[in-house]
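Please treat every number below as a calculation from the coordinates, not as lab data. Here the structure is a predicted model, which means the values were calculated and not measured. Positions of Cβ are backbone-derived with ideal geometry, glycine not excepted, and every protein chain shown enters the neighbour counts.
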Ligand SMILES: Cc1cc2nc3c(=O)[nH]c(=O)nc-3n(C[C@H](O)[C@H](O)[C@H](O)COP(=O)(O)OP(=O)(O)OC[C@H]3O[C@@H](n4cnc5c(N)ncnc54)[C@H](O)[C@@H]3O)c2cc1C
């Protein structure tokens, strides 16, 4: 989580988790600038390292070997990680526009989003060819191609369009892998045929003749048909046509030719080159806007035209870091002059590689091993992180050895005030204008039973309980456990509403309680706005009117809601914790494991994609699930939160006067949860929950079961735990899965109360 002792003074926003930005994140993680907050916005949690992609395609590396986990890297760097797609820039207001969340303000922006395929110019290519770029989506397309070839009867023909180093290397890697796959399947490896199309006379046109000859020989020996002077002009299903007049039938067409810049860049007003790439000067700063930098494929250095290759994007990492530092500190920028010659290590798929530099060229299996060593060393920088002293960015003044963040006079006063001891006499409330600015942008749902709410604020909100209805109350409050106020807001609201859904009520109104760390007004306002936008999205979706709240300053960002729900004035309508009947099946609608996963996240021990999946589970509303359970004659229900599965189950068995059996093997688990508990990582609440082990009759026999610790794992916005008549349970599970609760499972059954004091029995 972000340090709040040092107020945030500047926002450095990184768009895209490309090869340059991973370097920036690592460098800022090692040497943060106090007061400078990093935010990474990226469509992907795992970003591929291009140098190892051909080896991955050939089957020499695993997915994790060749992908950088941006979630972990951002956590190491103390950066906020927003998984989203950037769709534009509002340069006038210095905001990044995103597809799924409110705009993100920046003081300094850097763009490293790679390139986009340019298929539009060739009729039929968009629909009938597989573009290898953007590389972030390449894995999905490659796995689909691999599975199609496996299912394809008889022979398969693959055409690769583009004979630069990327195209040739990719072709040879694909061929190697497909032949191996067919052999393992007991099929004839010669049943896969390859064609390579190039518009020029030569393959690898930017490499020396010696290197070209080597690859010509390899392609010939591997039976690849090379079509020269054959720019592809049209693609139709299963066929491509070249300017040379050749027509070739192909089952798969892979496009590896020149790419361009993302379309949305055209509306930013940034100067672009002819291919739509952002023009940058020698400082990697856009020629248009001094607050915006760009690097990697998306950048076009006006004084140094470069090939679009990952190696350049990697090399731009350090000068980009340096100039972002200098820019935020108000220091003079430093020119970067890329090398005119570089060493390319191009593999042939079969653990053999060719080295190419200027007029030099040599080859061998040892070159592949050398490349493998270099690539793995590079990846280790993003897989293994040094332990950082907690104080790295905390509590230190907003200065560094190289300078200090440049502030206006008003900002300086605000920063001093934020650092100074707050008197508390104001009730530690947030300033009225900050609150008003943040809240005025929000649009809570309007309900006719809300007489006085946020649209007509008074000392308190006034809501009507319609005749014949009962009011159902609940409250929840917790600190931010994720460095993304918008998603935290979503989870906090969903968590609070969970109690209403579990009771069978409909949500009516909510009041918020917020704690936000002090800082520059603009930063506090934005955090409030982002967090409440996320919360409001969930509340509005639940038709729950936000009617008021209280916002105070505190060390940590925290949010809670007092929620009101309505239910018909008929106690039988309430879904209670008591009411389980012996013989009922126990159903759980969401996987468990949030406690251990976020504990691991805090220690950089969780994979980013585990955290992403856990967050998706946490924002899944229990509303439809509760309605569904009611339709299947639910006898008792609760939502899983802080006491964990066992704690909440005991809360159900006690008033029901029954025992229960849990099948540990049937528990739905979040990805990574078992790995985290196996590594001994548990939530700080776990020890309190474990005290309830006395409720487990056969705990001594089960204590070493790998899933045993997870029954104590505290959940945030967990699923519904319900008992349903056994004969309807399977249909109920099917219905819940169809509603989107895809992990729903029958996890045990309700037993008659036995003689033993311990009500819970575990099965392995
Ligand atoms: C199969 C293949 C093999 C290759 N092999 C090599 C090689 O061996 N050596 C080499 O030097 N080059 C190789 N390349 C080329 C290399 O992949 C690219 O030059 C390199 O990836 C460019 O790096 P980058 O940092 O500019 O962007 P990328 O690596 O493309 O990273 C861009 C990042 O930005 C994110 N992003 C994109 N758009 C948005 C958006 N709108 N909002 C938020 N995030 C966004 C993406 O998800 C991604 O994480 C290969 C390419 C392919 C396809």
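Below is a table of values for the structure above.
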| read-out | value |
| --- | --- |
| Theoretical ellipticity at 222 nm over the chain - DSSP helices of four or more residues, -39500 (n - 2.57) apiece, nearest 500 | -10000 deg cm²/dmol |
| Isotropic mean projected area of the C-alpha convex hull, the chain (nm²) | 37.1 nm² |
| Debye equation applied to the C-alpha atoms of region 59-154, log10 I(q)/I(0) at 0.12, 0.15, 0.21 Å⁻¹ | -0.63, -0.90, -1.23 |
| Virtual spin-label span in nm between residue 433 and residue 201, 7 Å along Cα→Cβ | 7.0 nm |
| Average projection area in nm² (convex hull over Cα atoms of region 635-762, one quarter of hull surface) | 7.8 nm² |
| Quotient of Cα Rg and 2.2 N^0.38 Å for region 475-589, N being how many residues it contains | 1.24 |
| Span from the region 539-559 Cα centroid across to the region 637-696 one, whole angstrom | 29 Å |
| Simple label model, 7 Å out from Cα along Cβ direction - residue 332 to residue 701, nm | 7.9 nm |
| Cα-based Rg and Dmax for region 182-252, where Dmax is the largest Cα-Cα distance (Å) | 14.3, 40 |
| Förster radius 45 Å - calculated FRET efficiency between residue 581 and residue 456 (Cβ-Cβ, nearest 0.05) | 0.40 |
| Inter-probe distance in nm under a simple model that places probes 7 Å from Cα toward Cβ, at residue 757 and residue 370 | 7.3 nm |
| Kirkwood hydrodynamic radius of region 571-650, Cα pairs, Å | 14.5 Å |
| Region 284-338 - Rg and Dmax from Cα coordinates, angstrom | 10.8, 31 |
| Angle between the chain longest axis and helix 310-329 axis [Cα atoms, degrees, rounded to 10] | 60 degrees |
| Potential extension, residue 287-residue 275 segment - 0.36 nm per residue separation minus Cα distance | 2.7 nm |
| Cα Rg over Rh - region 85-229, Kirkwood | 1.10 |
| Whole-angstrom Cα spans of region 1-134 along principal axes, big to small | 54, 38, 20 |
| Average projection area in nm² (convex hull over Cα atoms of region 527-616, one quarter of hull surface) | 9.9 nm² |
| The chain: angle of helix 485-503 to the longest principal axis, Cα-based, in degrees nearest 10 | 40 degrees |
| Distance from region 208-263 to region 100-119 (C-alpha centre basis), Å | 31 Å |
| Euclidean distance between Cα centres, region 492-533 to region 697-764, Å | 30 Å |
| Fully extended contour minus Cα-Cα distance, from residue 470 to residue 62, at 0.36 nm per residue | 141.3 nm |
| Considering only region 501-567, percent of DSSP beta bridges that pair antiparallel, nearest 5 | 55 percent |
| Rounded to 10°, Cα long-axis angle of helix 409-419 versus longest principal axis of the chain | 50 degrees |
